[in-house]
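First the structure, in the form of structure tokens, and then the observations on it.
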Amino acid sequence: MDVQVDVNVDMDVNVDAPAGSASRPRPTLPRALGVLTATAIVVGSVVGSGIFKKAAPMAAELPSPSLVLLLWVAAAGISFLGALCAAELAAAFPDAGGLYAHLRRAFGPFTGFLYGWSVLSVIQTGTLASIAYIFAEYLRVFGGWGDPSPGVAAWGFTAFGVLDFYPLRDLGTKAVAVTCLLVVTALNVQGVRLGARVQDVFLWIKLLILAGIMAVGVVGARSLLAPFEGPLVPPGLDPSSVGWGPLVGALTLGLSSVFWAYDGWINVTYVGTEMRNPSKDFPRALAIGMLLVTAGYLGVNGAYFALLPIDAVATSSLVAADAVSTVVPGGAMLVALAVILSTFGALNSTALVSARVYWAMSRDDLLWRGIDAVHARRKTPHVSLWVQFVWSSVLVFSGTFDQITDMLIFVSWAFYGLLAVAVVVARIRFPDAPRPFKVPGYPWVPLSFALFSAVFVVLSIVKNTRNALVGTALVAIGVPFYLYFRRRATRTPT
């Protein structure tokens, strides 16, 4: 049903809710977050392990430092357009759950549910599992632990010829990863202010890490112009000799890697109802955070290419360690410590904000009741945080998190495209809503971002159809749950 929203009265109104859900009390979370923490969430959610992992596969696909750097610039610009769209909606409608609520308002509960279901089932929980596993892998550098024998580790199976379930493989690393998730969850259950303070500290730690790698690159550079050596387009991808197919395919795969590294800018919008001054702080945090991330990413990748030739970057499994070690003795250990700190900060920010999506869904009767509980003393969504921990831990032990998140990168971008369309829909449906921040260049900026998202999704499907089909199936699993939750809410006595 089409409910007109008085945004001046209730910015978190339950749009399109079933009739029965109005009888349920709607818990709230305290407004305790400011612009520094919001900026820390942006930087913390984006800068995790991607900057340490993605340079090598990108260099292998695109053996041209200039082209790799250009791709980082292009992805930053595109992501920034998406951040502008998110800033307008978050400032005008600072809802719990962020994009979930914006999609629900613009397109109805089904679209909002599909996004929230994807976040819970794979996107954010899979991200938590993946980052925690990387944290444990690098922690192992400082002290190993035992793993089961190869015979025991081999127990498992492959589902549908795609997903590998081997829960006992690397069991020690998985146990450490789950322990890290447990610590992060417990921190955020204790109170949002504690989680925010931890995030504020890790903002400065991450900026120091990025600045340190850049400084090493300047001091030890073979040449400060090394990142720009060679042709922009390598001969093996030159359209004049091999056609456009190889270059387009390599650029698509490269963009997937870069977007994975930039992903997370949407996360800060999940805490809309907990911001003290959302109308001003959301645009500031998104702008400052993305500028800091972009500068850091370009500087660090420039350092890699200044310290190592492109072939060495392409074949390196630990490119940051290899690059720093050319200048600093014991550089591998320093980089391992940097990755540990960076991933822990990313875990904290992702765990803090993502639980708000499931909390909001439960409050809207689109998820199991009780997940929207608020701790009586600590005022945190503790049940939602523990549900997130349990499912992320299951994904860690399943060993499928990297495969699943790779399959759903195109799904994330489909929802990002809908975010841009939601800006246009909100302008039409709620023209009188206060908009402290407006997307510059409206409507061309949101429409251009939506168009790019659609093209990127199509190219991703064409390039890896099997992954796209499995990813779509994982999202579609949520449809029966949606029907159940809607039917249950409608039958609730008023």
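What net charge do the residues around residue 248 carry, taking every other residue with its C-beta under 15 Å from that of residue 248, with Lys and Arg at +1 and Asp and Glu at -1?
Details: positive: 463; negative: 61, 238.
The answer is -1.
Pairwise Cα distances in the stretch 212-363 exceed 19 Å in 67 percent of cases. Assuming charge only on the beta carbon of Lys and Arg (+1) and of Asp and Glu (-1), the dipole of the stretch 31-491 about its Cα centre is about 1700 debye to the nearest 20.
Per residue and in Å³, how big is the convex hull formed by the alpha-carbon atoms of the chain? Before the final figure, lay out each step's value.
On the way: hull volume 72.9 nm³, N = 494.
In the chain, the Cα convex hull volume per residue is 148 Å³.
Given a Förster distance of 56 angstrom, what is the FRET efficiency for residue 455 paired with residue 32, based on the Cβ-Cβ distance and rounded to 0.05? Computed FRET efficiency for residue 455 and residue 32 comes out at 0.90. Between residue 218 and residue 472, the simple label model (points 7 Å from Cα in the Cβ direction) yields a spacing of 5.0 nm. Estimated at 0.36 nm per residue, the fully extended path between residue 145 and residue 337 surpasses their Cα-Cα distance by 67.4 nm. Total Lys pairs in the stretch 31-491 closer than 20 Å by alpha-carbon, pairs eight or more apart in sequence or interchain only? Total qualifying Lys-Lys pairs in the stretch 31-491 comes to 5.
Against the longest alpha carbon principal axis of the chain, how many degrees, from 0 to 90 and to the nearest 10, is the axis of helix 331-363 turned? With rounding to tens, the tilt is 20 degrees. Sum up the charges of everything whose Cβ sits under 13 Å from the Cβ of residue 147, counting Lys and Arg as +1 and Asp and Glu as -1, but leave residue 147 out. So the surrounding residues net to +1. Each residue of the stretch 161-285 gets 257 Å³ once the volume of the Cα convex hull is shared out per residue. Qualifying trypsin sites (Lys or Arg not before Pro) in the stretch 230-306, where qualification requires a DSSP coil assignment and no more than 16 other C-beta atoms within 10 Å, comprise 276.
How do 422-434, 289-301 rank on mean C-beta neighbours within 10 Å, highest first?
Values: 422-434: 16.1, 289-301: 20.9.
By packing density, highest mean first, the sequence is 289-301, 422-434.
Here's the picture: charge each Lys and Arg Cβ at +1 and each Asp and Glu Cβ at -1 in the chain, and of 181, 262, 474 the one pushed furthest to the positive end of that dipole is 181.
No lab work stands behind these numbers, since they all come straight from the coordinates. Keep in mind the model is a prediction, meaning the values are calculated, not measured. All Cβ positions, even for glycine, are placed from backbone atoms using ideal geometry, and neighbour counts span all protein chains on display.
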